[in-house]
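The values are calculated or read from the model by the stated rules, or taken from the named source; none is laboratory data. Everything quoted here is computed from the prediction, not taken from an experiment. Counting neighbours? That spans all protein chains shown, and the Cβs are built from the backbone with ideal geometry, glycine included.
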Amino acid sequence: MDELVTLNRRELLKTTTGLLTGWVVAGSPLALIAPGRAWAVDLATLTSSEGATLMSLARTIAPHDKLDDAAYALVVQAIDSDAAKDAGTHKMIQEGLAALRADFTVIPETERVAALKEIESSTFFQTMRLKTLQVLYSSPIAYAHFGYEGEAYSKGGYLFRGFNDLRWLPEVPVEDSGPLPEGA
Amino acid sequence: MARIEFQDESAVVIIGSGAGGGTLAHELTTRGIKVVVLEAGKRQSTASFSQVPGAAFLQLTWLDPRTQSGNWGVAKNFPTLPVWHCKTVGGTTVHWTAATPRFEPWELQARTMYGNIPGTSLIDWPISYDELKAYYLLAERRLGVTRRNGVPGLPASNNFKVMYAGAKKLGYKRVHTGHMAINSRPFDGRASCIQQGFCVQGCKMGAKWSTLYTSIPRAEATGNLDLRIECTATRIEHGDNGQVNAVIYRDAEGREQRQKARIVCVAGNGIETPRLLLLSESSRFPQGLANSSGQVGRNYCHQIIGFVWGIFDKPVSSWRGATLAGVIEDEVKNDSARGFVGGYRMELCTLDLPTFPLVGLQYGWGRDFASILENYRNIAGMLINGEDMPRAENRITLNHDVKDSFGLPVANVHVDEHPNDQAMRKHAQTQMSRMYEAVGAKRVVLGPVPPATHNTCSARMSADLREGVANAWGQTHDIKNLFISDGSALPTAGSANPTLTIVALALRQAEYISREMKARRV
């Protein structure tokens, strides 16, 4: 849950760079694990407007309607972090965003998809696609949304936590499987 | 642990500490032979294994640059990562999924069984199954392989229940939780499997066999092993007599070092082993070491691997449980009625959520792509593990246009798939799709060809000096004190996951080296 530290409720900071803020949707899985209802992500290099466009871009690349904006904000934060580390990357992202239609964040999804299809082979799009997939599904917010339980060593594995709890198909005969370890 | 002097000419130098190198080091040191192991990676432990999938990948994987070419799917989907193996003490036995089937007897006679297939460089093994079998039995006891020697199988996971039900609907008979080097009960001082599902991240229980916490510490305990970590071999040198006599390497500080050697054994996995032989070219051996046949780097095999995912309307939670603990062996046969030669296994598989969209799915984005992820908890998975055809032009070469951090040319991996490979993959994907549909899958998704994990045959053993690099003991045809000690030495790929065979061959090679040293023939 380390990532959530950066999503903690905080006062709006006076800053020259961008800031993405939002509210956790009541009843979403994030509401169960988030420490507060409001979240905010500082941007080191990109502007708030650029951040908002990237958010829309990430939602078009990997649309999960019920996945909280906070999960997508982590993608934006990672892209911003890459831009902060390398001037060439920063320029590539700025130019890529500038080349999108000005109304990208407000047009319907079908039009956003069409706009991205036109630039699909560009370094900008391919970098954004990969970064989105790398970051979006790696956060505790995503784990909660998709029902993924992650590492289990710290909890004694899945041996006692449902590794064989599927009941909608027949059990496997013992000769083709094996005995549970003692105590299981 | 021993400290062997740089000038000591009596040591065996082994390059790599995985299934081949780690096993060989253990066998030789217990016989009183002094061994230096050069391992390019760092040393982790069950305590230090990361439990964050992305971080674990970075912690264990060989990430030095490589290039690739050819028509195989990996070049398109994973242009910067043609192969996926480890750079760490224990080598790829740290991240492997521990399936340990044997080759079938007929798979050792691929050329005889399959005939003269155009566009292939098939050969028969220079070893009979009966010769190999004794070492399989020994390897299975060492690794504690399930369903052998009275060791119970692993219990069935949710993911396996789906596979099993589908397989039975199609009439498959040889379906079980696999021959696995994962403890189904405490064995050899290691705990039993608690079904973490994190085999690939390094088993924090040590329930999965790895040389990292078996062979290597035991070799160290003999007092005969000098294990040098973060030491990357860059060149093998030879003397005027044409025998190898030293290994040049870069140590952890990047300093060049030179270790003298009586014998050198190369066990750097199927890419780095031929690369090192090629990098060691000299005026006497202008094509690289042990390469008078021109076969070093050629005939590279990687097995036919590919995921098939079944999406159901009920939960599977496939991530809970040993990653690969399930197999269907009915298609491990040579039956030309299927339209291809050679056999394949179907093996259970699951990928953690962060890895799944990056490795498990074909390139994509948008609604359809996301809808697969949306069903993550309802997905069951399998993969094909089949024999690919060796081809002379499927090969590891030096790419002089791209250099590693030491300024040396990187390996280029070239693979053009043979029509037999494609026919086999299609057959397997059809069978796996039918299995999932038979038990109610609402959709079946075919995954990409992932980065190769079973890198073999690139410095192969052969009876005919012109057809390979080494003899039946992995001793190179050209240089008597130079050995191939990893999967590179396999003559053909077969349909079995390679590690058990690599271990068996290393056990056999250790006996041979020990015998030849005593007789002063090497």
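Screening B:Thr46 with (1) under 30 Å from B:Arg508 (Cβ atoms); (2) in contact with a strand residue (DSSP E or B) (Cβ under 9 Å, 6 or more places away or on another chain) gives one miss only, at (2). Of the residues making up region B:185-227, just one is aromatic (Phe, Trp, Tyr), more than 14 Å from chain A (Cβ to nearest Cβ) and surrounded by fewer than 24 Cβ atoms within 10 Å (Cβ to Cβ), namely B:Tyr213.
Close Cβ contacts (under 9 Å, 6 or more residues apart or on different chains) running from residues in region B:137-149 that are within 14 Å of chain A (Cβ to nearest Cβ) to residues that are assigned to a loop (DSSP other than H, G, I, E, B) and β-branched (Val, Ile, Thr) comprise B:Gly144/B:Val151; B:Val145/B:Thr100; B:Val145/B:Val151; B:Thr146/B:Thr100; B:Thr146/B:Thr177; B:Arg147/B:Thr177; B:Arg148/B:Thr100. The helices (runs of 4 or more DSSP H) found wholly in region B:8-85 and carrying at least 3 residues that are within 14 Å of chain A (Cβ to nearest Cβ), touching a residue at least 24 places away in the same chain (Cβ under 8 Å) and over 30 Å from B:Arg391 (Cβ atoms) occupy B:53-60. Looking at the structure I just gave you, is B:Trp125 more than 30 Å from B:Thr350 (Cβ to Cβ), of a type in the set (A, V, I, L, M, F, W, C) and either surrounded by fewer than 24 Cβ atoms within 10 Å (Cβ to Cβ) or modelled with pLDDT of 95 or more (or both)? In short, yes. I'd like to verify a number: residues in region B:428-459 that are in contact with an Asp or Glu (Cβ under 8 Å, 6 or more places away or on another chain) and not in a strand (DSSP E or B), how many? Number of matching residues: 4. Strands (runs of 3 or more DSSP E) fully within region B:320-424 that include at least 1 residues being within 14 Å of chain A (Cβ to nearest Cβ) and in contact with a Gly (Cβ under 8 Å, 6 or more places away or on another chain): B:344-348, B:379-386.
Quick grid of which residues meet (1) in contact with a strand residue (DSSP E or B) (Cβ under 6 Å, 6 or more places away or on another chain); (2) of a type in the set (Gly, Ala, Ser); (3) in a loop (DSSP other than H, G, I, E, B):
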position	(1), (2), (3)
B:Thr97	no, no, yes
B:Thr112	no, no, no
B:Asn116	no, no, yes
B:Gly119	no, yes, yes
B:Arg142	no, no, no
B:Val145	no, no, yes
B:Asn159	yes, no, no
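Only one of the numbered conditions (1) out of contact with any strand residue (DSSP E or B) (no Cβ under 9 Å at 6 or more places or on another chain); (2) surrounded by fewer than 24 Cβ atoms within 10 Å (Cβ to Cβ) is violated by B:Ser317, and that is (2).
Being modelled with pLDDT of 95 or more and at positive phi is a property that B:Gly270 lacks.
Which of the numbered conditions does B:Ile263 fail, given that it passes all the others? Conditions: (1) farther than 19 Å from B:Val200 by Cα; (2) surrounded by fewer than 22 Cβ atoms within 10 Å (Cβ to Cβ); (3) of a type in the set (Val, Ile, Thr). Of (1) farther than 19 Å from B:Val200 by Cα; (2) surrounded by fewer than 22 Cβ atoms within 10 Å (Cβ to Cβ); (3) of a type in the set (Val, Ile, Thr), only one is false for B:Ile263: (2).
Would you be able to say whether some residue in region B:374-382 is out of contact with any strand residue (DSSP E or B) (no Cβ under 8 Å at 6 or more places or on another chain), on the phi < 0 side of the Ramachandran plot, surrounded by fewer than 22 Cβ atoms within 10 Å (Cβ to Cβ) and without any contact (Cβ under 8 Å) to a residue 12 or more places away in the chain? There is at least one residue in region B:374-382 that is out of contact with any strand residue (DSSP E or B) (no Cβ under 8 Å at 6 or more places or on another chain), on the phi < 0 side of the Ramachandran plot, surrounded by fewer than 22 Cβ atoms within 10 Å (Cβ to Cβ) and without any contact (Cβ under 8 Å) to a residue 12 or more places away in the chain. Note on region B:158-184: among residues that are within 7 Å of chain A (Cβ to nearest Cβ) and under 25 Å from the mean Cα position of the chain (by Cα), the one that is nearest to B:Ala380 (Cα to Cα) is B:Phe160. Among the residues making up region A:78-92, those that are touching a residue at least 40 places away in the same chain (Cβ under 8 Å) and either surrounded by fewer than 22 Cβ atoms within 10 Å (Cβ to Cβ) or among the aromatic types (Phe, Trp, Tyr) (or both) are A:Ala78, A:Asp82, A:Ala84, A:His90.
Among the residues of region B:246-253, some residue qualifies, meaning at least one is closer than 15 Å to B:Leu289 by Cβ and surrounded by fewer than 18 Cβ atoms within 10 Å (Cβ to Cβ).
Here is a yes/no grid of residues against (1) among the β-branched types (Val, Ile, Thr); (2) out of contact with any helix residue (DSSP H, G or I) (no Cβ under 6 Å at 6 or more places or on another chain); (3) more than 30 Å from B:His400 (Cα to Cα):
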position: B:Ala40; (1), (2), (3): no, yes, no
position: B:Ser45; (1), (2), (3): no, yes, yes
position: B:Gly54; (1), (2), (3): no, yes, yes
position: B:Phe78; (1), (2), (3): no, yes, no
position: B:Thr93; (1), (2), (3): yes, no, yes
position: B:Ala134; (1), (2), (3): no, yes, yes
position: B:Arg141; (1), (2), (3): no, yes, yes
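When you scan region B:476-496, how many residues do you find that are surrounded by fewer than 24 Cβ atoms within 10 Å (Cβ to Cβ) and of a type in the set (S, T, N, Q)? Here the count works out to 1. Quick one: in region B:43-59, which of the residues that are in contact with a Lys or Arg (Cβ under 8 Å, 6 or more places away or on another chain) and not hydrophobic (A, V, I, L, M, F, W, C) is nearest to B:Glu230 (Cα to Cα)? So the residue we want is B:Thr46.
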